[in-house]
Amino acid sequence: MILPVKASAALELITGNDYVPYTDQRLPEGGFASEMVREIMQDMGITITLRFLPWKRGFELTEAGDAMATFPYAPSIDRAKVMIYSESLFALKSRVFYNKEHPFVYKNVDSLKGKSFCNPRGYVIYDEIREPLLRGDIKIEEPSDMGSCARILAAGRVNFIITDTFTLQDVALQSGVWDKLAASDKIFTEKTNHLIVGKKH
């Protein structure tokens, strides 16, 4: 991917918080994905600064062409309509997390029908559940962050969350609810994560 910026200019890129260990202001260098992007840009002769915003806001600014790029984002059908993806930065495995007091066995997407899940605004809607969501077979709650999802799941207000273990564990420990949650044995999906640039740029 070629970014239209002079080598002498400082390029502002957008990322977000609560995505440990990948990106978060609390982490050294802003997380390992932030450090990776910084090193890639340095190799291209580009100096960057990072701006941490809510994920939905960062995506919207990038989509509109008001921000150069944002990261890291997993691909989806809807995102591909408006974004151009870099090569993969890293890949991660996501699982279905549920409340231990209301367990169920995740086998496939059909086993999620009739249930509700929590997914923060701006987070990926995996293609695997896109159609069931559109049909109303799966209900969704969209709070502002993953910490809220952890608390909502622990309170029994939704049936599941789909994310990777590191990310959920970090926010659930902060909220004191990690011991109330459990993960499916089966992996839901494995997705690459990318830096993305809006097609309007």
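Counting 0.36 nm for each residue step from residue 90 to residue 192 and taking away their Cα separation leaves a gain of 36.2 nm.
The slack in the chain from residue 130 to residue 166, taken as 0.36 nm per residue of separation less the alpha-carbon distance, amounts to 10.6 nm. Out of all DSSP beta bridges with both ends in the chain, state the antiparallel percent to the nearest 5. Counting DSSP beta bridges with both partners in the chain, the antiparallel share is about 60 percent.
If you wrap the tightest convex hull around every Cα atom of the stretch 91-191 and split its volume per residue, you get 90 Å³. Grab every C-alpha pair in the chain, bin the distances at 5 angstrom width from 0 up to the longest one, and report whole percents. Going from the shortest bin to the longest, the percentages are 1, 7, 15, 19, 19, 15, 10, 6, 4, 2, 0, 0.
Karplus-based coupling profile of the stretch 163-180, in residue order and whole Hz: 6, 8, 4, 4, 5, 5, 4, 4, 6, 5, 5, 4, 8, x, 10, 4, 6, 8, with θ = phi - 60° in 6.51 cos²θ - 1.76 cosθ + 1.60 and x standing for Gly or Pro. For the chain, which span is the longest to avoid every loop-located (per DSSP) member of GluC sites (Glu not before Pro) having at most 15 other Cβ atoms inside 10 Å? Segment 102-201 is the longest.
Among the trypsin sites (Lys or Arg not before Pro) in the stretch 142-187, those located in a DSSP loop and surrounded by at most 15 other Cβ atoms within 10 Å of their own Cβ are 157.
The stretch 55-127 and the stretch 147-201 have Cα centres spaced 10 Å apart.
Proximity of backbone amide H atoms, modeled 1.01 Å from N, is registered between residue 25 and 18 at under 5 Å, excluding neighbours fewer than 5 places apart on the same chain. Computed over the Cα atoms of the stretch 1-103, what is the ratio Rg over Rh, Rh following Kirkwood? My calculation puts Rg/Rh at 1.02.
FYI, it's all coordinate maths here, none of it is from the lab. Predicted, not measured: the structure shown is a model, and the values here were computed from it. Cβ coordinates were reconstructed from backbone atoms using ideal geometry, including for glycine residues, and neighbour counts include every protein chain displayed.
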